[in-house]
Each structure stands twice: as C-alpha cells, then as structure tokens.
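Reading through the structure tokens given below for one structure.
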Amino acid sequence: MPHFYDTCAGHIEGLYLPPVAWEVLRRENIQTLDQLRANADQLEQFDGISVRIAQVIRLALAYVAPFEEQTSSTKQYDSWSA
C-alpha cells in the first residue's frame with residue numbers, strides 16, 4: 001500500500017517536500033536545487049532520511065527540472081504550431 005506524505009514549500013523554491021525532509025536538508029546545509037541534485041544519490045545516508053523519503057525527494061526533483069529540459073522534448077513540434 002502506498003504511503004502518502006503531506007508536503008509543503010521550503011527553503012528551495014519550487015520544491016514541495018515532507019517537513020522531515022526539509023529539516024534534514026537544512027541540517028545538511030543543502031540550500032539549492034543544484035546542491036540537492038549533487039547529493040540525490042546519497043540521501044539515504046543522511047540521518048533521518050528513509051528509503052521512502054529519499055524516493056519522494058528524487059521524484060520531486062524530477063518535477064522541478066529546469067524549463068529548458070522540460071521543453072526540449074517539445075521543441076521539435078514548435079514549427080507545427082501557428
């Protein structure tokens with residue numbers, strides 16, 4: 001059965017995570033999306049981050065991809081729209 005978490009905005013703009021995740025990120029001094037991406041493969045090593053919370057963080061990161069990455073797959077269709 002999936003477990004759903006309440007999320008909220010935190011100190012990294014555009015990212016919504018469970019409060020426990022924000023607490024750990026503050027404690028680990030992760031202040032930006034770039035810092036979080038750089039540490040995404042190590043999240044389970046942070047005290048207080050479970051495997052499931054790490055998955056939630058990685059999923060949230062996937063949804064806040066830079067605008068250029070989000071639109072790169074649709075650029076090939078730009079000439080179709082008038």
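Brief remarks on what is shown
- Expressed as a whole percent, the accessible surface of region 19-71 that belongs to carbon and sulfur atoms is 52, based on a 1.4 Å probe.
- Solvent-accessible area per residue for region 19-71 (1.4 angstrom probe, square angstrom): 62
- In percent, rounded to a whole number, the relative contact order of region 19-71 is 37, using alpha-carbon pairs under 8 Å and six or more apart.
The values are calculated or read from the model by the stated rules, or taken from the named source; none is laboratory data. Just so we're clear, the structure is a prediction, and the values are computed from it rather than from any experiment. For the accessible areas, the whole protein counts, side chains as well, though only heavy atoms, and no ligand, DNA or RNA atoms are used. Shrake-Rupley method; radii C 1.70, N 1.55, O 1.52, S 1.80 Å.
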